[in-house]
Each structure stands twice: as structure tokens, then as C-alpha cells.
Amino acid sequence: MTPEAADVLAAAPDARARYVREFEASAGNGAGQTPAWLRAVREGAIARFAEVGFPTMRQEEWRFTSVRPIADTVFRRADEPVPSGALATAMAPYLLCEADRHRAVFVNGHFVAALSSLAGLPEGVTVGNLAAALGGEADVVQQHLARYARPAAGPFSALNAAFLLDGAFVFVPEGVDVEEPVQVLFLSSPSREPIVSHPRTLVVVERGARASIVESYAGVGEGVYWTNAVTEVVVGDGARADCYRVQRESGTAYHVATTHTHQGRDSVVWFHLVALGAALARHDIVSVLDGSGGLCTLNGLYLLGGQQHADHHTTIDHAQPHCESHEYFNGVLDGQSHGVFNGRIIVRPGAQRTDAKQTNNNLVLSGEARADSQPQLEIYADDVRCTHGATLGPLDERALFYLRSRGMSADAARSLLSYGFGAEILGRMDIAPLRAQLDRLVRARLQRESRRENVP
Amino acid sequence: MTTIEAHVLQPYKYGFVTDIDADVVPAGLNEDIVRLISQKKGEPAFMLEWRLKALRHWLTMSEPHWPNVKYGPIDYQSIVYYAAPKQQNKLESLDQVDPRLLETFEKLGIPISEQKRLSGVAVDAVFDSVSVATTFKETLAEHGVIFGAFSDAVRDHPELVERYLGSVVPYTDNFFAALNAAVFTDGSFAYIPKGVRCPLELSTYFRINAAASGQFERTLIIAEQGSYVSYLEGCSAPVRDENQLHAAVVELIALDDAQIKYATVQNWYPGDEEGRGGIYNFVTKRGKCAGANSKISWTQVETGSAITWKYPGCILQGDNSIGEFYSVAVTNNRQQADTGTKMIHIGKNTRSTIVSKGISAGRGQNTYRGLVKIMKGASGARNYSQCDSMLIGDRCGAHTFPYIDVRNSTAVMEHEASTSKIGEDQIFYCKQRGLSAEDAVSMIVNGFCKEVFRELPMEFAVEAQNLLGISLEGSVG
């Protein structure tokens, strides 16, 4: 059976029905506190999922990624964890630095106050969990939640919304500058059974405000788990958000995510992401420039080895004129990994004076690795400057020769050149401790890989 | 209104209808129609068998809707699948061809009568479902080159047809290829024997005339070891309010060291300003570089058709084989184009080059969609792709959807794309130096397309430039 034919079976209705049943079984839970509007969102979302089910490779958006392993596994939603010293230790490597003050920690999708640190926030700023915010800032939440990453957009965002009970909430009111980065850490700690969490994050940076948010996903332990995350970032007029996303799930994990940023007039978004983990990862990024004069930069790196599969789908939607977007995505592929990049730039009618650039460079280090790249331009306005470029290939033989002629070993030369590929992306990041941490990770990973390959 | 938008639309030049009695079969598609077509053409049994298999397969398929184009539903049962100008007997010489047919082609600038033939070009003229005349047959025969109507080839060289038909585009390939395989009526066939460099440019001119008919032609070109051929295809259709379907299949086979250059200047009726009428040009074209060091080059200039939907591709099977694709696609008024190429690298050290230029004006939508696939065994494969779009006016669209799939780490592939418009400042600069606005635009557009035009045979490069000027008139000034 071809992989595609095998994949079509993933559409079998039983996987779909399982989630619908689970939703029905848990619908009563917490119904008392859930506001009516949120209940409507959840019900609409599960209805949507029941309609579309899991995607198959026959669908254009999923032609390189089979979600069959996810559809086939029976996942259980994990119970609320008991905060423990072991968890605190396990969490340590994923924190920004020892002294970070603003962090919300979630374990298996549940907010853990004991591991979080929410001290010293400027006045009016909220960092915490959505469930609590529904009490305090219900208006803000209702105004934004599930309005951008709409459940109808895809089966996974529908599932996330259907099982939406809690998540992270960051709110920066008008004109406030949050100087220190805020970290939101989603930790998964599976036991013997495969577990699933549907983390939800809502970041609202109001007019003229500014904040840096670091979103981290990580796994501890060996078990199989699935993270199905949705993040919405709303940036008001003249505001700036620096978003960092570090995906370091364990090697047995499945990671599916949607990030949706929505920008007002003259706003700035920098979105940095580094994907290192997970056996199977799929990340959809949608950036909407919905006010004139906006600037959006996507800066991503995926580093894959072994049997890893990572699929990044990005859409930059120029809905208004005079906006600028830059997109840099580098991939380093080793082992039998498979990297997919699909980058789409849409320029809507009337979005004149758009300036959009996109590059996707892939370094293929092993004969078994596979890369797919689909840069796409969809342009409905004429006074625009749009370019995209994609490259795929091995290390440059001439550059290797140059380094070798200077006395560097083949291993060292290879790892230096591959490192340079990643360093280009990391160099654009502003938070120094995070950059240093990622730099160490990337360097260690590439050294390990070049040693293993060991070609004379 | 800016300076780049003021001019009168010139009507489609080739929109006349030839008043000629036609032999048409009833509209609709079923096994009887297929048998009738096969019988009319006096085909051997293997052909009918193949057609019926294709039809049965087609019936199990559904029409694909993934391209970035919009059109109303096509009623396949209302199409006339066979229409031929009436002439009963087998023609002995060109003098017996209906003068109205000769006149038609003359008007299209394709003289086929003895005196006026284009020197250096052998033309096969196809009118609706049949080939009416082929020039320079004798000269070609001296070199062993077989060139002429597909139906003649089926009769005279069944062994070649049976061996190669469907070997590049099988009837199972896609919806429209299956439809074509079931009902194709004529087309051109060319066979270049071993080591022969074809002394003339080969050319086929397709003309749709009958109403409510579709044109389903099939072209097969086989270049034996070490041979070379350059082939050009042109086409046009009368102005009609309803849409007509053109679903052709082209198969090219290049054996060891052979080279095929295939050029298309497509000028089907594009419909009027409001998007009424026009041809749906849904074509499957593919070449197979079966032998080592072979080369297939596609050049296309797409200015006509209401909808163009085609991806001339190369299967680079032989080691060191080369595939090239050069394209200029123009959409004006309400035209839509979803076109590009497929380069499948299978052999070692295979190389491909893609240069695509899209020009959108009026409310035209132009999409480049291309696949570059480098298979596991294609070590040392190399691809370079460049897709540029030019936008004229603020109601048109330009889209780029490349698919890049690399499964070999020694392969190198690069893709670049850009979108821009003709700047008022560029026009101003040219006008300031004494050029009229029209000349300035035509100069800029021609410069934009230069890389593609220089791949066309001389005479056609000139024709293509003129055609481009006509297609864009009304949108630029």
C-alpha cells in the first residue's frame, strides 16, 4: 500500500467519532462556570470537527504530512498534575534564566500556580491563565478569544477550541511597556498512556504597548503525547510584540500548532521560532496585517534529524496598504528527516505599496533526508514589490574546501558551516539569554550530527 | 486613469468563421460515439480498444478543481466530439483541397498552397477534427522524417504508434488526458530517425471552426538516437459567445542524445471584455528524456484562451538529460491562466531550467504553478527556476505556486520569484527620451519577456512580440 493510500484510511470515521464522543462525555464538566459564549464556541468547534475530521494527504494543505499516527492513537486528556520537586527540576532547563520573574507554567495543559511566577508585573498587565481571566478580564477575553484563529479554519484548531478549558493569557494595556520578557511554558509529562493537551494562548498587546513573549513547548519523560496548540496574538495600533517560540518536545511527541497574529496600524511584530523536537510536527502560522503601515517579520529555524518530520505552513496576509513583511526560514535536515515549508504571501485587492520578501533555505545533510518547499505568492494589487526565493542543497563544496585548506578538519568544517546556517536566524533574536541557550542547543546538535556522519 | 491605462481595445484578429459544410457526429459522449470516431478514421483494432479503455476509465473519474481558475460547469454531453470539413475522397494533391480551407489558413497567415509556402517550415494544418494538408512531406521523406496527420500515422505506421502512444501520458494520467484518449480525432505525428537533424522546422496549425465542438487533438513526436527536431504549434478559433473546450495531449520522446525543441504560440479566442465566450484550453503536455544526454525544451507564448490550464513537463529519465521550460503567459480582460511546468529528475546529473514570465492586465488572473521533483537516484541534479510577474492595472492578479520536492542530498535547486509593475517613472523616463507611451510599454514588456522570446525560432519570435502587443492593447497606453 502506498503511503498515500494508507493515509486515506486515517480519514476513517472512528477516529473522528472518538473525539466527538469524548466531547459529549465531558460537555457537562465545568459547564457551570463556562460562560454561554464560550460554550457556543466549543460546540461550534466540535460540530466543525465532526464535519471535516482528520485531514488526509489528498488534501492540498496536507499533501506532505500524514497525521495518521495522531488519528490512530487513542489519547487521553491528562489529569491535573500534582506540583512536585521533580517537576520543578524537570522544568529548569526550559526556563529563560534562573531569575526570570514573569512566567506562567502549564503541565499537561493545566495551569500550575506553584511553578509559575507572576511577580513584579507593571500595573494593569496580566499574565496568567484564561480560566482566571474569565473572571477578571472577561470582556477582553470574549472580544478576542477564537476570533482570529477561528475554529473553522482547520480540523486541529477546531479540536483545540472544542476542548478549550484553560490556557495562557497575557494582557498588556494601552501604552504600557513590559520590559522583561514574559514566558509561557507548556510542559508535557506523559505517563504510560498516551496523553493529549490542547494548550491555548491569547496575547493582547493594546495600542502603543510593547511586550516580549516567549512561548516554550517541552516534554519530560519518554511516553507518547500530543500537543495541539493554538496561539492568538493581537497587536493594537502602534504596538509592538516580540514573540519567540521554542519547540523542544520530546522525540516521541506529536506537535500540531496554529499561531495567528493580527496587527493594527503601524504595529510591529517580530515572530521568531525554533523547532527542534517532536517526531511529527506541523505548525501553521497566519500573520494578518490589518492596518496600514504594519511591519511583520517571521524568523524561523527548523533543525531535524533521525526520523523527524516537520511541516511549517506560513501565510502572510497583506490586507491593508503600506505594510512590509519579511520572512526568513532556514532548515537543516539530517538523518531520514523530512522538512516541509509552505510559505504564502497574499496581497489583497487595494493593499498597494506592499513590500514582501520571503526566503526559505534548506541544507540537506544526508542522502536520506527529504525537503519540500512551496513558496507562494498570491497578488491582487499592482503597486507592490514581492519576491520569494527558495534553495535546497548540500553544503557548498567550495566553502568546505576553503575551510579544509585552512587546516580545519572535515567534521569541524561541516559543523561550522551548518551552524552558520542556524546562526543566521538566531542572530536576529533580541533576548540574549534565550539566544545563548538556543545557540548552545543548535551547536551541540550539529556537532553530534557531523561527528556521526563522519565523511572524510 | 494613469498614463499606463488608456488605449482602445483591438478586437481579436482571427475571430472569423469559415462557412463550410461539416461532417459532424451528434453531441454527447458514449461508447457508440467513440466507436463511430474510430470507424470514421478507419483505425486498427488496437486503437479502438485503447479508446474504449480510456473512456471507461474516464467515466470513473471526476473533474479536478484544484487550479486557481473559476469557470462554470462543463456539460460533456453537449459537446460535439467530431467535426470535419466535408471532403469525401482521398486527396491526391493540394489542389483538391477545398479552396475555402486554403483561404482560411491564408487569412491566418499560414499559407499552405505551393507558391506561398513559408520556406524552411513544414506545416500540418488541422481544421476542427482533421488534418487538411501537410506541406513539404516529400522533402522530409527524403531524410526519413515522418511528419503528418496522426490518422495517417495510425494507418501507415501502426507499429510506431502502438509502441509510443500513451507511453508518456497514459490515458489514466488525468481527467482531461483520459477524455482526450477516448475521443481524440487528429493531430500531428513526427518521427525523426536515428542521427537525422530534421532539415525543416516542423509546424502544426490548429483551427477550431465548428460551433459547439471541442477540439481534442493528440501530438506524438519521437526523436530517435542522436536526432534533432524543432517543432512549433499555433492555434486560433472564431469569436463565439459560448465556451469551447480544447483538451489536447502532447507526448514527446527523446532517446539517447536526441533533442526536441517544442514551441507553442497559443492564441485561441480569449473571450470578450466581459469574459463571455473563449476557449477552455486544458492541455496535457509532457516530454520524456528517455535516453542519456537527451534534451527537451518547451517554449510557450500563451496569449489567448479564456482559461489556460497546462503544465508542459519533462521526465528526465536518462542520465545527463536536460529539461527546459520557457514561458510567457499573458492574461488580459477576464482571462485566467494557471500554467507552469513539471520537472521530474530521475537520472543522474539531470539538469532543468525554468523561466516563466507572467503578465496580468485588466482583470486577468495569472498563476504560475510548477513542480520540481528530484528523486532519490538523481544525484548531482540541478534546477534553476525563475518566475517573474508583471502587473498592469490594479484589478488583476499574479500568483506563484511552486512545488519543490527534493529527495537527494547532492541535488541543488534554486527558485526565485518576483512581482512588480511598470513604474510611472520608467514610462516617464522613456517618454522624456521621445518614445510614445505605447512604445515605452511595449519595449518594457518585450524586455521583460526577452529571455523567453530568444528561445523561439526567428519568424515566430517576431510573431510572438506582435501578438503580445495586440493582447495587451487596451490595458496599456
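Quick note: the coordinates plus some simple rules give every number you see, no bench work behind them. Please read all numbers here as calculations on a predicted model, not as lab measurements. Ideal geometry is used to build each Cβ from the backbone, glycine not excepted, and the neighbour counts take in all protein chains shown.
Computed values, structure above
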| item | result |
| --- | --- |
| Value of D in µm² per second that Stokes-Einstein yields for region A:3-291, Kirkwood Rh from Cα pairs, at 37 °C (0.692 mPa s) | 171 µm²/s |
| Shielding of B:392-400 by partner chains, average beta-carbon count, 10 Å | 6 |
| Normalised contact order of region A:153-254, rounded percent, pairs of Cα under 8 Å and 6 or more residues apart | 31 percent |
| Size of electric dipole in region B:282-428: Cβ of Lys, Arg +1 and of Asp, Glu -1, about Cα centre, debye, nearest 20 | 640 debye |
| Region B:325-477 - Rg over Rh from alpha carbon coordinates, Kirkwood radius | 1.05 |
| Rg [Å, one decimal], Dmax [Å, integer] - chain B, C-alpha atoms | 21.6, 69 |
| Distance histogram in 10 Å bins (all Cα pairs of the protein assembly as shown, percent per bin) | 2, 11, 19, 21, 18, 14, 9, 4, 1, 0 |
| Listed peptides B:248-255, B:158-165 by packing density, highest first (mean Cβ within 10 Å) | B:248-255, B:158-165 |
| Counting DSSP beta bridges with both ends in the protein assembly as shown, the antiparallel % (nearest 5) | 10 percent |
| Qualifying aspartates and glutamates (Cα of each under 17 Å from Cα of B:K431; at least 8 residues distant if same chain) | B:E5, B:D439 |
| Mean Cα-pair separation over length for region A:3-291, i.e. relative contact order, pairs under 8 Å, 6 or more apart, % | 15 percent |
| Paired Rg and Dmax values of region B:243-383, which use every Cα atom, in angstrom | 16.0, 50 |
| Considering only region B:22-424, percent of DSSP beta bridges that pair antiparallel, nearest 5 | 10 percent |
| Global geometry of region A:298-387, whether rounded, prolate or oblate, following the gyration tensor of its Cα atoms and the 1.5 cut on a/c | prolate |
| Aspartates and glutamates whose Cα lies under 17 Å from that of B:K285, excluding same-chain neighbours fewer than 8 positions away | B:D173, B:D186, B:E217, B:E233, B:E251, B:E302, B:E324, B:D338 |
| Residue-averaged 222 nm ellipticity for the protein assembly as shown, from DSSP H runs of 4+ at -39500 (n - 2.57), nearest 500 | -7000 deg cm²/dmol |
| Ranked by how many other beta carbons lie within 10 Å on average, peptides A:58-65, B:323-330, A:184-191 from highest | B:323-330, A:184-191, A:58-65 |
| Peptide-level mean, for A:389-397, of C-beta atoms on other protein chains within 10 Å | 6 |
| Descending principal axes extents, region A:155-226, alpha-carbon based, whole Å | 47, 26, 16 |
| Per-residue average of Cβ from other chains inside 10 Å of A:356-367 | 2 |
| Check: region B:153-225 dipole with +1 on Lys, Arg Cβ and -1 on Asp, Glu Cβ, in debye | 100 debye |
| Rel. contact order, % - alpha carbon contacts under 8 angstrom, at least six apart, chain B | 12 percent |
| Members of B:K295/B:K376; B:K137/B:K194; B:K194/B:K261; B:K41/B:K137; B:K70/B:K421; B:K107/B:K421 lying beyond 26 Å, as alpha-carbon distances in this model show | B:K107/B:K421 |
